[in-house]
Amino acid sequence: MTELLERAIARLQALPESEQNAIASIILEEIEDERRWDEAFSRSPDILAKLAVSAMARSYSNYALNY
């Protein structure tokens, strides 16, 4: 465990139980959300690459139309 996390937990321990639970829920939701994003991105690198190419092409087209 990092020193920063240890300090955060030490401060959390001083809070009322309801606040501890609220913050714990936020942390767990954030961890789960990160896991889902990582999983989604790992399953779709081709889709992401196509979206990037499409966005770059649109950007270039807009640039070319303005000049």
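Annotations
- Dipole check for the chain: with +1 at the C-beta of Lys and Arg, -1 at the C-beta of Asp and Glu, and the Cα centre as origin, the magnitude is about 500 Debye.
- Separation in nanometres of the label points that stand 7 Å from Cα toward Cβ, at residue 1 and residue 18: 2.6 nm
- The chain - percent of accessible surface contributed by carbon and sulfur, probe 1.4 Å: 60 percent
- Identified option (computed Rg and Dmax of the Cα atoms in Å; candidates [x] 20.5, 61; [y] 21.4, 62; [z] 16.4, 43): [y]
- Comparing 37, 15, 26 along the charge dipole axis of the chain, the residue lying farthest to the positive side is 37, per the Cβ-charge model.
- For region 7-54, the solvent-accessible area works out to 87 Å² per residue, with a probe of 1.4 Å and every protein chain left in place.
The values are calculated or read from the model by the stated rules, or taken from the named source; none is laboratory data. A quick note: this is a predicted structure, and the numbers were derived from the prediction, not measured. Cβ: placed from backbone, ideal geometry, glycine included. Neighbour counts: every protein chain shown. SASA here: full protein model, heavy atoms, side chains in, ligands and nucleic acids out. Shrake-Rupley method; radii C 1.70, N 1.55, O 1.52, S 1.80 Å.
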